[in-house]
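Everything below concerns the one structure shown next.
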Amino acid sequence: MLEIKNLSKSYDGVKQACDDINLTIENGDIYGFIGHNGAGKTTLLKSIAGIIDFEKGDALVDGHSIKREPMEAKMDMAYIPDNPDVYESLTGMQYVDFMADVFNVEDEKRKTLLNKYADMFEMNDVMGNPIQSYSHGMKQKIVIMGALIHEPKVMLLDEPFVGLDPKASYLLKEVF
């Protein structure tokens, strides 16, 4: 479950990027934020994920406060940004392995999920290649695979379909 309680964020101390946001998202629910550029959607997602700090309120992931228990909260979530910034010198396999290490995914589960997602997103043939050789869509797929490898309870997605081909977009929706 994700609980957002009175969350407020300002970059300049005057104009609120997020102003007193309250929302409870139950397990299994899917929510989307719609608004114009600069409305605060990405700011809210990055605040919940603990990437940027916020002045007021809190976000709880499965009961863990992102402010007071950031490691516990982050272990239960995944964040997929709108721009797939990854360690481009790593291979796809190394990146997903690194993400699995971060989240303490056991070897057998890691192997099973890696094979599942590499098959699903048609990435088997390029997993040994450096990420710098990937197209934008392939980089997005590898970020998605890295986010899914620990089976998070909460997924924060900032325009996850940008760069994905229609088939990959459909498959990602099926995962949701």
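From the list MET93, MET99, which residue is touching a residue at least 24 places away in the same chain (Cβ under 8 Å) and over 17 Å from the mean Cα position of the chain (by Cα)?
Details: MET99 fails: over 17 Å from the mean Cα position of the chain (by Cα).
After ruling out the rest, the residue left standing is MET93.
Tell me the residue from ASP29, ASP85, ASP53 that is surrounded by fewer than 12 Cβ atoms within 10 Å (Cβ to Cβ), under 13 Å from the mean Cα position of the chain (by Cα) and assigned to a loop (DSSP other than H, G, I, E, B), please. Please lay out each step first, then the result.
Details: ASP29 fails: under 13 Å from the mean Cα position of the chain (by Cα); ASP53 fails: under 13 Å from the mean Cα position of the chain (by Cα).
The conditions single out ASP85.
Restricting attention to the stretch 62-77 and to residues that are part of a loop (DSSP other than H, G, I, E, B) and buried (at least 17 other Cβ atoms within 10 Å of the Cβ), the residue that is modelled with the lowest pLDDT turns out to be ASP76. Within the stretch 35-59, residues that are touching a residue at least 12 places away in the same chain (Cβ under 8 Å) have Cβ atoms under 6 Å from residues that are assigned to a helix (DSSP H, G or I) and surrounded by fewer than 13 Cβ atoms within 10 Å (Cβ to Cβ) in no pair, counting only partners at least 6 apart in sequence or on another chain. Looking across the stretch 108-133, the residues that are outside any helix (DSSP H, G or I) and within 22 Å of LYS173 (Cβ to Cβ) come down to PHE121, GLU122, MET123.
Would you be able to say whether some residue in the stretch 104-125 is in contact with a strand residue (DSSP E or B) (Cβ under 8 Å, 6 or more places away or on another chain) and crowded, with 20+ Cβ neighbours inside 10 Å? The answer is no; no qualifying residue exists.
Would you be able to tell me the number of residues in the stretch 62-77 that are in contact with a strand residue (DSSP E or B) (Cβ under 6 Å, 6 or more places away or on another chain) and not hydrophobic (A, V, I, L, M, F, W, C)? Walk me through it before giving the result.
Let us first name the residues in the stretch 62-77 that are in contact with a strand residue (DSSP E or B) (Cβ under 6 Å, 6 or more places away or on another chain), namely 65-67, 72-73, 76-77.
Next, from what is left, pick out any that are not hydrophobic (A, V, I, L, M, F, W, C): 65, 67, 72, 76.
Total meeting the criteria: 4.
For the stretch 60-74, taking the residues that are in contact (Cβ under 8 Å) with a residue 60 or more places away in the chain and farther than 22 Å from ASP19 by Cβ, the one that is nearest to the chain's Cα centre (by Cα) is identified as ASP62. Of the residues that make up the stretch 129-145, is at least one touching a strand residue (DSSP E or B) at 6+ places or on another chain (Cβ under 9 Å) and under 20 Å from LEU2 (Cβ atoms)? Yes - at least one qualifying residue is present in the stretch 129-145.
Yes/no per residue for (1) modelled with pLDDT of 90 or more; (2) among the polar types (S, T, N, Q); (3) in contact with a strand residue (DSSP E or B) (Cβ under 9 Å, 6 or more places away or on another chain); (4) not in a loop (DSSP other than H, G, I, E, B):
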| site | (1), (2), (3), (4) |
| --- | --- |
| SER8 | yes, yes, yes, yes |
| VAL14 | no, no, no, no |
| CYS18 | yes, no, yes, yes |
| LEU44 | yes, no, yes, yes |
| LEU60 | yes, no, yes, yes |
| TYR79 | yes, no, yes, yes |
| MET93 | yes, no, no, yes |
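The values are calculated or read from the model by the stated rules, or taken from the named source; none is laboratory data. Fair warning: this is a prediction, and the values are worked out from it, not measured in the lab. Glycine also receives a Cβ, built like all others from the backbone with ideal geometry; neighbour counts cover every protein chain displayed.
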